[in-house]
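Undergrad: Pasting a structure below so you can have a look.
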Amino acid sequence: MTELLIRLFVRDAKETDRPEVRERYGKFSGMVGIITNLLLFAMKAVTGAVTGSVSIIADAVNNLSDSASSVITLVGFKLSAKPADREHPYGHARIEYISGLIVSFLILFLGFQLLQESVGKILQPEEAAFSPAAVVVLVLSCAMKGWQCLFYRKVGRRISSPTIEATAADSLSDVISTAAVLLGLIVSSVAGFNLDGYMGVIVALLILWTGIKVVKETSDPLLGVAPSKELVDDICRTILSTPGILGLHDLNVHSYGEGRIFASVHCEVDAHEDILASHDLIDNIERDFLQNKQIHLVIHMDPIVTDDSPTNDLRLKVHELLHQIAPEITMHDFRVVWGKTHSNVIFDVCVPFGFRIGDADLLRQIEEGIASLNPAYHAVVTVDHSYIPGNEEENA
């Protein structure tokens, strides 16, 4: 059914790499959420009012909040599709995350309100009338919310939207909360013990838990998260497969929303190659990344000497020295300025996150190690900290 609806209401549905198609998916999912959640709210609000059940009313209010969330999602996708302007040169795609954050705060607010009301119901219980109609409404709600979860999950994964995937998780929690209300209603009628307030507390706690999860999922991209290993591996593999590129390091990746990725990297080329040819090579790689991967890539070119035997021999020795200090650190931009009285051994080392040795202590160990190779060697070392956890590039 989901695929049929997508084909009917989302034009060019298969071309999800196009921003306008992604916007259509977002708007369509928002409209589906508004319509279905308003329908569920109306059914439960009437049923809760007739039966006097606070847990059903709480579940109805939860659906109303879901409808409001869908409105925010709809508006968020519309605004995030705005093109870049003078004040926002990187575009407006992160508005999608802001809309998700607003949704999460709304969920938390409603959760606290419902928790307060449900606790009051426990302290001062009121008899809730059992109604077969209420059972039917709650069963239908579980079925519709289950379909919503599958729908949002498919759309969210297809367009890589954390906001819509968070909505899928919210729908799944709604299935559980509504099932809890249904169970409480049945047990109360059979056992004669009023569980209405307790079920309301369970629903409220589930809503709060969902709100907390959505806060984390939508705030992480705003704070800036590490790129996925798949993206980093793809960037490295593509660049290193280009003839003329000898190595790469210092890769940084910044995301300003889906389809708005900016990256920079240092690429090593043969120092004896014509500078214009190397520059043309770099230009071609940057152009291909923008056309084929929609990544705005900037490359810094590092010329390296590969045919100087003394430098190559010393590079191997320094590499072994670094491996003895800590196997996880890597080296790049290695070069030597040979002199009569002393020689400068110049390179950068890259350390991973949570490295156990401080920068000052690491530099001291490296300097002492290089001096032990030859007292005339003077280490000039820069410590780099990787922005790609677990993907530090090795270019010894």
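The values are calculated or read from the model by the stated rules, or taken from the named source; none is laboratory data. Keep in mind that what you see is a predicted model, and the values were worked out from it rather than measured. FYI the Cβ positions are ideal-geometry reconstructions off the backbone, even for glycines, and counts take in every protein chain you see.
Undergrad: Is it the case that region 223-244 has a residue that's at pLDDT below 80, in a helix (DSSP H, G or I), within 29 Å of Arg157 (Cα to Cα) and of a type in the set (A, V, I, L, M, F, W, C)?
TA: No, region 223-244 has no match at all.
Undergrad: Out of curiosity, is Glu20 among the acidic types (Asp, Glu), over 20 Å from the mean Cα position of the chain (by Cα), in the same structural domain as Leu208 (by TED's automatic domain parsing) and modelled with pLDDT under 85?
TA: Values: among the acidic types (Asp, Glu): yes; over 20 Å from the mean Cα position of the chain (by Cα): yes; in the same structural domain as Leu208 (by TED's automatic domain parsing): yes; modelled with pLDDT under 85: yes.
For Glu20, the condition - among the acidic types (Asp, Glu), over 20 Å from the mean Cα position of the chain (by Cα), in the same structural domain as Leu208 (by TED's automatic domain parsing) and modelled with pLDDT under 85 - is met.
Undergrad: Let me ask something else about it. Name every residue in region 118-155 that is closer than 23 Å to Leu40 by Cα, at pLDDT below 90, of a type in the set (Gly, Ala, Ser) and in a helix (DSSP H, G or I), in order of residue number.
TA: Passing the criteria: Ser118, Ala133, Ala134.
Undergrad: Also, I was wondering about something else. Within region 310-339, work out how many residues are assigned to a strand (DSSP E or B) and either surrounded by 16 or more Cβ atoms within 10 Å (Cβ to Cβ) or not assigned by TED's automatic domain parsing to the domain that holds Glu367 (or both). Lay out the reasoning, then the answer.
TA: Our first condition is that a residue be assigned to a strand (DSSP E or B); within region 310-339, this holds for 330-337.
Going one step further and asking which of them are either surrounded by 16 or more Cβ atoms within 10 Å (Cβ to Cβ) or not assigned by TED's automatic domain parsing to the domain that holds Glu367 (or both), we end up with 330-336.
Going through region 310-339 one residue at a time, the tally reaches 7.
Undergrad: While we're looking at this one, here's another question. Of all residues in region 251-299, how many are farther than 30 Å from Glu15 by Cα, assigned to a strand (DSSP E or B) and in contact with a helix residue (DSSP H, G or I) (Cβ under 9 Å, 6 or more places away or on another chain)?
TA: Residues in region 251-299 being farther than 30 Å from Glu15 by Cα, assigned to a strand (DSSP E or B) and in contact with a helix residue (DSSP H, G or I) (Cβ under 9 Å, 6 or more places away or on another chain): 3 in total.
Undergrad: Evaluate the following for Ile261: is it aliphatic (A, V, I, L, M), closer than 30 Å to Ser69 by Cα and not assigned by TED's automatic domain parsing to the domain that holds Pro89? Break it down into steps so the answer makes sense when it comes.
TA: Numbers: aliphatic (A, V, I, L, M): yes; closer than 30 Å to Ser69 by Cα: yes; not assigned by TED's automatic domain parsing to the domain that holds Pro89: yes.
So Ile261 fits the description; yes.
Undergrad: Hey, another quick one. Which residue is nearest to Val54 (Cα to Cα), if the candidates are limited to region 156-178 and must be out of contact with any helix residue (DSSP H, G or I) (no Cβ under 6 Å at 6 or more places or on another chain) and modelled with pLDDT of 85 or more?
TA: In this case the residue turns out to be Arg157.
Undergrad: Okay, next question. Going through region 92-117 one residue at a time, which ones are more than 18 Å from the chain's Cα centre (by Cα), at pLDDT 80 or above and more than 16 Å from Ile212 (Cβ to Cβ)?
TA: Within region 92-117, just Gln116 meets the criteria.
Undergrad: If I filter region 249-270 for residues that are over 30 Å from Ser99 (Cα atoms), more than 17 Å from the chain's Cα centre (by Cα) and at pLDDT below 90, do I get at least one hit?
TA: Checked region 249-270: at least one residue is over 30 Å from Ser99 (Cα atoms), more than 17 Å from the chain's Cα centre (by Cα) and at pLDDT below 90.
Undergrad: Out of region 164-175, which residues are over 14 Å from Phe28 (Cα atoms) and either among the polar types (S, T, N, Q) or not assigned by TED's automatic domain parsing to the domain that holds Ser141 (or both)? Steps first, please.
TA: The first filter runs over region 164-175 and keeps only residues over 14 Å from Phe28 (Cα atoms), leaving 165-166, 168-175.
Matches in region 164-175: Ser171, Ser173.
Undergrad: Restricting attention to region 195-228, which residues are surrounded by 16 or more Cβ atoms within 10 Å (Cβ to Cβ) and in contact with a Lys or Arg (Cβ under 9 Å, 6 or more places away or on another chain)?
TA: Across region 195-228, the qualifying residues are Asp196, Gly197, Tyr198, Gly200, Val201, Pro221.
Undergrad: Next question. Exactly one condition in (1) at pLDDT below 80; (2) in a helix (DSSP H, G or I) is not met by Ile57; state its number.
TA: Checking Ile57 against (1) at pLDDT below 80; (2) in a helix (DSSP H, G or I), the one that fails is (1).
Undergrad: Another question, then. If I ask for residues that are out of contact with any Asp or Glu (no Cβ under 9 Å at 6 or more places or on another chain) and either crowded, with 17+ Cβ neighbours inside 10 Å or within 19 Å of Glu165 (Cβ to Cβ) (or both), which ones from region 14-33 would you list?
TA: In the first step, residues of region 14-33 are kept if they are out of contact with any Asp or Glu (no Cβ under 9 Å at 6 or more places or on another chain); the result is 14-17, 23, 25, 27-32.
Within region 14-33, Thr16, Asp17, Glu23, Tyr25, Lys27, Phe28, Ser29, Gly30, Met31, Val32 qualify.
Undergrad: Mind checking whether some residue in region 114-122 is under 16 Å from Ala68 (Cβ atoms), surrounded by fewer than 23 Cβ atoms within 10 Å (Cβ to Cβ) and not hydrophobic (A, V, I, L, M, F, W, C)?
TA: First, the residues of region 114-122 that are under 16 Å from Ala68 (Cβ atoms): 114.
So of that shortlist, the ones also surrounded by fewer than 23 Cβ atoms within 10 Å (Cβ to Cβ) come out as none.
No.
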